[in-house]
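As structure tokens, the structure follows; a few thoughts come after it.
Read-outs throughout are calculated quantities, based only on the coordinates presented, and are distinct from any laboratory measurement. None of these values were measured; they are calculated from a predicted model. Quick reminder, even Gly has a Cβ in these numbers, built from the backbone with ideal geometry, and neighbours come from all protein chains shown.
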Amino acid sequence: MRAVVYHGPGQKAWEEVPMPVVIDTTDAIVRVDAVTICGTDLHILKGDVPAVTDGRILGHEAVGTVESVGSGVKNVAVGDRVLVSCITACGACRYCREGSYGQCIGGGGWILGHKIDGTQAEYVRVPFAETSTHPVPDGVTDEQLLMMADILPTGYEVGVLNGHVQPGDVVAVVGAGPIGLSAIMGSRLYSPSHVVAIDLADSRLEAAKQFGADVVVNNGREDALAVVRDLTGGLGADVAIEAVGVPATFELATALARPGGHIANIGVHGQPATLHLEDLWIRNVTITTGLVDTYSTPTLLRLAQGHQVDAGRFVTHRFTLDQFDEAYDVFARAGDTGALKVVLTRG
Ligand SMILES: NC(=O)c1ccc[n+]([C@@H]2O[C@H](COP(=O)([O-])OP(=O)(O)OC[C@H]3O[C@@H](n4cnc5c(N)ncnc54)[C@H](O)[C@@H]3O)[C@@H](O)[C@H]2O)c1
Ligand SMILES: [Zn+2]
Ligand SMILES: [Zn+2]
């Protein structure tokens, strides 16, 4: 079969590799029908994720058809169509028992396309198949499903739910990439009074309007703090969500929140950011941060089925699996191409 194989920073190839086989009794081998590329894959290609080593197949999001299962797999059968989640869950460890699958210490967590071979391939081995896949529900397309593997649960859990978005809130979202847009879409479920999207790219701010932002701020030209203070009688946002991952945006998010407000960091940070405790200590704020667990995936699937969440909206470009090079190029040049999410399917 063929797969996207990582060969060190800046190097990857769609090349011939051996077919995956069942190793553990809880494994499933899934034929990949549709797959996408994540911003995290671009981080890996820049060399930012050293745990990913030469020879690793990339990818942690897919929809597919079960090809074979280990002897211990009872609830997933050959021929089933499944969503492969970005987070693998052993289902038995302390964290999994609490729904914190991202923190799994029983062999799961974020492992696909990271510590073991991933989904950007014709076939993938999925460990702990029963607790790491979701059955494909009726009435939801593969494109919609793919958005449930990572970006929608991330924006919803780490942004909206950790940030405690409530009806009537003013929600400020810093960064309007796929993750920030997911947080905007998820915030809308709670009837906020205003969602303010803040980004440096006008193309992303245009997208933010489509996804439900009613105020957009280009913080390269405008003062985001002044806009949010104007909207809130000088107080600040009830919830500030950080969806970029650089020190300046974390510091902006903490400044945007009102006293008593919530700051939900989603961004993956590679550099230390300053926590301005000299300003914040007196403001009764709550700061949260974390890795997605994907405990909300079943909820999001029902919302997609009921048309309350339009997950397919993210998909801007479509390719076949043998066009992975082109798909990566289009996704990596999002500023020029307007790409939000690209989807690759069997030809
Ligand atoms: N916590 C988790 O579990 C988790 C999961 C997935 C992704 N992430 C992280 O979420 C972050 C966002 O992911 P994405 O795929 O949307 O990334 P992206 O790069 O597509 O989007 C980031 C956006 O931030 C904007 N931006 C950059 N600098 C800015 C600044 N100074 N002010 C305002 N806007 C600025 C960019 O223009 C872009 O639109 C990344 O750090 C990613 O690694 C976290
Ligand atoms: Zn991802
Ligand atoms: Zn576990």
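If you count, for each residue, the other Cβ atoms within 10 Å and average over each peptide, how do 133-143, 79-89, 168-178 line up from highest to lowest?
On the way: 133-143: 16.1, 79-89: 23.3, 168-178: 25.9.
Top of the packing list down: 168-178, 79-89, 133-143.
Suppose every K and R has +1 on its Cβ and every D and E has -1 on its Cβ; what is the size of the dipole of segment 148-213 about the Cα centre, in Debye to the nearest 20?
120 debye
Compute the helix-to-body angle for 247-256: its Cα long axis versus the longest principal axis of the chain, expressed 0 to 90° and rounded to tens.
50 degrees
Below 8 Å between Cα atoms, with a sequence gap of 6+, how large is the relative contact order for segment 201-347 in percent? Mind showing how you got there, number by number?
Details: 184 pairs, mean separation 22.6, N = 147.
With pairs under 8 Å counted, the relative contact order is 15 percent.
Specify the residue with the greatest mean-square fluctuation among A304, A240, A92, computed from a Gaussian network of the chain linking alpha-carbon atoms under 10 Å apart.
Top of the fluctuation ranking is A92.
Give me the dipole magnitude in Debye, nearest 20, for the chain about the Cα centre, with unit charges on the beta carbon: positive for Lys and Arg, negative for Asp and Glu.
The calculated dipole for the chain is roughly 460 debye.
So what's segment 1-99 giving for Rg/Rh, alpha carbon basis, Kirkwood Rh from the mean inverse pair distance? Provide the component values of the computation, followed by the final result.
Details: Rg = 15.1 Å, Rh = 15.2 Å.
My calculation of the ratio gives 0.99.
If you stretched the chain out fully between D48 and T316, how much longer would it get, using 0.36 nm times the residue separation minus the C-alpha to C-alpha distance?
On the way: separation 268, 0.36 × 268 = 96.48 nm, distance 2.60 nm.
Fully extending the segment from D48 to T316 adds 93.9 nm.
Among 215-222, 148-155, 294-301, how do they line up from the highest to the lowest mean number of other beta-carbon atoms within 10 Å?
148-155, 294-301, 215-222
With θ set to phi - 60°, apply the Karplus curve 6.51 cos²θ - 1.76 cosθ + 1.60 along segment 51-60 and write out the HN-Hα couplings as whole Hz, x wherever there is a Gly or Pro.
5, 8, 10, 3, x, 6, 7, 7, x, 9
Please list the non-local residues whose amide H lies under 5 Å from the amide H of I263, H modeled 1.01 Å from N, same-chain partners needing a gap of 5 or more.
A240, T286, I287, T288
I'd like the orientation of helix 178-188 relative to the chain: the angle between its Cα long axis and the longest Cα principal axis, in ° from 0 to 90, rounded to 10.
Helix 178-188 sits at roughly 60 degrees to that axis.
So who's got an amide H within less than 5 Å of the one on A237, skipping anything under 5 residues away but keeping other chains? H placed 1.01 Å off N, in plane.
Hits under the 5 Å cutoff: A257, R258.
Please state the relative contact order of the chain as a whole percent: Cα pairs under 8 Å, 6+ residues apart? Mind showing how you got there, number by number?
Working: 856 pairs, mean separation 58.3, N = 347.
Once divided by the residue count of the chain, the mean separation gives 17 percent.
Only Cα pairs under 8 Å and at least 6 apart count here; give the relative contact order of segment 49-206 as a rounded whole percent.
Relative contact order for segment 49-206 comes out at 20 percent.
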